[in-house]
Amino acid sequence: MPAHELSSEGDAGSNGVLLHCDFERVAALVPNTTALDCNGITVSYGELNNRANLLAQRLRLMGIRPDAVVGLFIERSIDMVVGLLGILKAGGAYLPLDPDYPLQRLSYMLDDAEARVVVTHRALSGRLDSITSSAQIVRLDDSHASGATDVRSARRPRDLNLAYVVYTSGSTGAPKGVMVPHCGPVNYLRSLQETFKISRQDRSLTVSTLSFDASVRDIFGALNAGASVHIVPGRYTPDPEALTRIIQSGTVSVLLSSTPSLLRALCMHASPELKSRLRLILVSGEVLDQALISEVSTCFGTQVQIVNQYGPTECTMTTTRYAVGPSSLERTLPIGKPIANTKVQILNDALIPVQSGEVGHIFILGAGLARGYVQRPDLTAERFLPNPFGVGERLYRTGDLGRFRADGELEFLGRTDQQVKIRGNRIELGEVEAVMLSHVAVNRSVVDVREDRLERRLVAYLVLDGGYPAPSSADLREFCRSRLPDYMVPSAFVVLPSLPLTPNGKLDRRALPPPDYHKEQFVPPRTPLEVAVARIWAEVLGIDRVGANDNFFDLGGHSLSAMRIAARLHTDLGIQIELRALFEANCLRDFTREIARTSADPLGISLDPPESRAAFSD
C-alpha cells in the first residue's frame, strides 16, 4: 500500500474511536478543502492527510506501535499538525515538547515517558543533543521519505490505547505525565460538535503550544468537523494586539480555547468601530466573571456565544460547561453541567454524597478519565479511586471544592491543596518551592500567590543559608528559568530572616509581607525615549513609576506583560521590536538602548540625555 493511501480503515477493533479517525473521514470527503492556514500558506485536507501518512509510515518502520510514546519537539506550524497526526496514525502517542521549556525539564520528560523517537525540525534538532543521546530523531523537513510500500501488518491502536501524554506541574518537585487514551478526547470532541455544530464554514484560531491540552480542542475540534485552522506561527505566545487584528479582520469564527486573562488582553486592543464574525468563544482555566462577558460583547459583538468550561487535564480538557446567557446578572458564573458520558459527584471527606447546595469535594467519572500518571502508580492510586457506587468504575479526585445549585449547575469554590492557576496555567506551588530549595544558598522556601496588583503573581519567600553568598533576584530568576517554564518563575523574590509562624507553629501565610518591586534607588528616566517607555511599563505593570535602572522582571513582569508592552510600543510609539529583546535587556535604560539600536530613529530622539534632566522627568 503506497504511503499516501495509508489509513485507519483496518482499525476494526477500535470501532473508529480514535482521535484522528474523524479527521480521516473528512479528508476523504473534502480533500480539496483548506485544513490549515499558517501565515498565508494553506494546506488542504488531502495534502495534510498524505503528509501525515508518510510520517506514519516512517515511524512504523522504526517500531512505533500502540502505547509507544513519540516526542514532538516543534514550533507552531503546519508541520506541528503533520507531526501529531503522523504519530497518531502510526499508532503511537505524542509527547509535546515545548521548545521554550528549559532543557533540564525536557530531558526529564523524555526519560520519564521513555520516548525513544522524537519528531522535530532541522533547525531545532541541534538542541536535542543537549536533551537526549538515545532517542532517534525524525526531521520533518528532510527531503527524503520512506521507501516502504506495505505496513498493513502493524498492530493498530484501540480506544483505550494512549493518544497523548502531557506533563503538568507536580507537587513533588518534578512535572507529572498524564496518560490520555483516545476515548477521552473523542468523547469530548463529539460532544463539542453535537452542541456547537462546528462546520466547514468555520475557522478556528490556535495560539497555544501542544504542551497544553487545550491545543487538542483547537486543532481537532476544527479538523474533525471539516473547518479550517488558522495557526499563528512561532515559539512565543503571539501578542494580543496581533491576535485581535486577526479576529477583527473577520476571518475567525470560533475561538475554541481561551482563558479569561487572554480575553481581557484581547479586549484591551480591540477597535470599537470594528466587530468580528466570531460566533463562539470557549473559556476555561480561570474564574470567569460577568464583567468580562460584558466587555467581550462590547468589543467583539453581541452575536458571540461565550461558554464557561471546567475540567482538569486528567479528565480530558472539559467535564462541565455553562453557556452564558446574554442577560445573565451573576457576578461569578457557574461551571455548568457534565457533558455526555461523564458525571460529577460532590462528596464529603468520607466519600459520601452531600445534599444539593452543600459544599464538598468534586469527583469526576466517565469517558474522559486518563489512564493515570507516567511512572507514578502511587499518585495514580491516590487520585484515581475505585468508585464506591459503581462496579469497575473509577473516580478522579480533582482537589477542587464545589456545590450543586438548586438548578443543577455546578459552582467552583476553590482548591483544597496548593495548586493554583496563573494566567490559565496550572501550577503546583510545591514544585516551585522544591526548585528554590535546590539552590545551594536557600535554606527554606515558601511560594505564594499575591493579588495586590493588576493580576495574580507568584512570589517566592526565602530564608538564606548564611554559609553562602546571598544571590540577587536576577541570579534566582535565572536559576528558576533554567529549570521551570516561564509561567512558573516567580515574579518577585523576598528574603526573610525567618518564615512567619502561627502560635501552633504552622506557616502564617497572612503574615508574609508584600514584595518590594522598587529595590533599586530610583533614578529618573533621562531621555525622552526612556520617559515614554517608562510610562508604558508603568501602565502595563500597574505601578506608579519606573526608573532608568529598574529591571522589568523585578517589577513583576512576565511573558504576557512583555507581549502587552511590545504591543503598546507599536501602537503608541510606532516601534516594532522582538519580544526576546525585553528578556535580554531587562533594565529600562538597556532596553531603550536596544530599541535605539534596532529601530530607525525612534521618536526622532537622540539617546544622549538632555541638558536639563528635569524637563523630561516625571
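In square nanometres, what is the average projected area of the Cα convex hull of the chain? Could the numbers behind the result be given before it?
On the way: hull surface 122.6 nm².
Average projection, Cα convex hull of the chain: 30.6 nm².
Return the percentage of antiparallel bridges among DSSP beta bridges fully within the chain, rounded to the nearest 5 %. Let's see the in-between values first.
On the way: 53 of 86 bridges.
Bridges in the chain are about 60 percent antiparallel.
Based on the mean of other beta carbon atoms within 10 Å per residue, what is the order of 265-275, 301-311, 86-96, 214-224, most packed first? Before the final figure, lay out the partial values.
Working: 265-275: 15.7, 301-311: 19.3, 86-96: 27.5, 214-224: 25.5.
Answer by packing, highest mean first, reads 86-96, 214-224, 301-311, 265-275.
Could you grab the relative contact order for the chain? Cα pairs under 8 Å, six or more apart, rounded to a whole percent. Please report the intermediate quantities before stating the final value.
On the way: 1259 pairs, mean separation 61.2, N = 618.
Taking the mean separation of contacting Cα pairs over the length of the chain, I get 10 percent.
With just the Cα atoms defining each centre, how far is region 448-488 from region 255-312? Give it in Å.
One Cα centre to the other: 32 Å.
Lys337: which aspartates and glutamates have alpha carbons under 15 Å from its alpha carbon, excluding same-chain residues fewer than 8 sequence positions away?
Asp407, Glu409, Glu411
When ranked by the protection proxy of mean other Cβ atoms within 10 Å per residue, highest first, what sequence do the peptides 464-473, 67-76 form? Don't jump to the answer; show the numbers that get you there.
Working: 464-473: 12.9, 67-76: 24.0.
Ranking, from highest mean packing down: 67-76, 464-473.
Report, to two decimal places, the Cα Rg of region 327-445 normalised by 2.2 N^0.38 Å (N = number of residues). Before the final figure, lay out the partial values.
Values: Rg = 17.2 Å, N = 119, 2.2 N^0.38 = 13.5 Å.
With N residues counted in region 327-445, Rg over 2.2 N^0.38 Å equals 1.27.
Which of the peptides 290-300, 250-260, 119-129 is most tightly packed, and how do the rest follow, judged by the mean count of other Cβ atoms within 10 Å per residue?
The packing order, highest mean first, is 250-260, 290-300, 119-129.
Measuring from label point to label point, each 7 Å out along Cα→Cβ, what is the Arg127 to Asp475 span in nm?
Inter-label distance under the simple model: 2.7 nm.
Normalised by the residues of region 10-140, what does the relative contact order come to in percent, with Cα pairs under 8 Å and at least six apart? Each step should come with its number before you reach the end.
Numbers: 186 pairs, mean separation 27.3, N = 131.
It comes to 21 percent, rounded to a whole number.
Tell me the per residue accessible area of the chain using a 1.4 Å probe; a whole number in Å² is fine.
Working: 25360 Å² over 618 residues.
For the chain, the per-residue accessible area is 41 Å².
Can you give the direction-averaged projected area of the convex hull of the alpha-carbon atoms in region 234-362, in nm²?
Values: hull surface 39.0 nm².
That works out to 9.7 nm².
Given just the C-alpha atoms of region 23-70, how large is their convex hull per residue in cubic angstrom?
It comes to 93 Å³ per residue, whole-number rounded.
Ignoring everything except DSSP H segments at least 4 long, calculate the 222 nm mean residue ellipticity for the chain; use -39,500 (n - 2.57) per segment, divide by total residues, nearest 500.
Details: 17 runs with 180 residues, N = 618.
Value at 222 nm, helices only, nearest 500: -8500 deg cm²/dmol.
Leaving out ligands, DNA and RNA, and with a 1.4 Å probe, what % of the accessible surface on the chain is carbon or sulfur? Mind dumping the intermediate values first?
Values: 12520 of 25360 Å².
Of the solvent-accessible surface of the chain, carbon and sulfur hold 49 percent.
The values are calculated or read from the model by the stated rules, or taken from the named source; none is laboratory data. The shown structure was predicted, so the numbers you read here are calculated from the model rather than taken from an experiment. When we count neighbours, we look across all protein chains shown, and the Cβ atoms used for this are built from the backbone with ideal geometry, even at glycine. SASA here: full protein model, heavy atoms, side chains in, ligands and nucleic acids out. Shrake-Rupley method; radii C 1.70, N 1.55, O 1.52, S 1.80 Å.
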